[in-house]
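First up is the structure itself, then whatever we jot down about it.
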Amino acid sequence: MLRKIEHIGIAVKDLAASNQIFEDILGVAPYKEESVESENVITSFFQVGDSKIELLQATHPDSAIAKFLEKNKEGIHHIAFDVEDIHAEIERLKSLGYVMIHEQPKPGADDKIIAFMHPKSSNSVLVELCQDRFKK
Ligand code: ZN
């Protein structure tokens, strides 16, 4: 079951500059910055009620964020939904014919396990499923 929008991921070129922009907009500072080595990104997270904004800056030209910014301007990159059971959601979506980028969940930022759907399945919207790595 999808429970809420966990976060919206935004691709940026300059994390420090974008942190200031979103701090101005949201009135709060990011509560964490985290490097995700496997994805070649650094991220920052802002709490907005029950949801979050995740800013992502590439640290390597091979990063998905670097590739996104070759084709697109800075902006919304993905929408992440909080799920109770990521394995069950992956199987449910696959059984409906949707294509997953990750058929097995993998560690993500902010203490999550994550899996992305292929955007060709979902109106070109990159959808991330994420589940808390540690049960709350
Ligand atoms: Zn994300």
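Starting from residues that are assigned to a strand (DSSP E or B) and open to solvent by 20 Å² or more (accessible area, probe 1.4 Å), keep the ones in region 76-91 and report whichever is farthest from Lys106 (Cα to Cα). Only one residue tops the list, namely Ile76.
Counting the residues of region 1-60 that are assigned to a strand (DSSP E or B) and away from the ligand (no atom under 15 Å from the Cβ) gives 1.
Those residues that are of a type outside the set (Ser, Thr, Tyr), farther than 13 Å from Glu128 by Cβ and crowded, with 17+ Cβ neighbours inside 10 Å, I need them from region 46-64; list them, please.
First, the residues of region 46-64 that are of a type outside the set (Ser, Thr, Tyr): 46-50, 52-58, 60-62, 64.
Next, only the ones that are farther than 13 Å from Glu128 by Cβ stay: 46-50, 53, 55, 57-58, 60-62.
Within region 46-64, Phe46, Ile53, Leu55, Gln57, Ala58 qualify.
Taken over region 92-109, residues that are open to solvent by less than 80 Å² (accessible area, probe 1.4 Å) and among the hydrophobic types (A, V, I, L, M, F, W, C) amount to 4.
The values are calculated or read from the model by the stated rules, or taken from the named source; none is laboratory data. Everything numeric in this text was worked out from a predicted model, so none of it was measured. Positions of Cβ are backbone-derived with ideal geometry, glycine not excepted, and every protein chain shown enters the neighbour counts. Side chains are part of the model used for accessible areas, which takes the heavy atoms of the whole protein and leaves out ligands, DNA and RNA. Shrake-Rupley method; radii C 1.70, N 1.55, O 1.52, S 1.80 Å.
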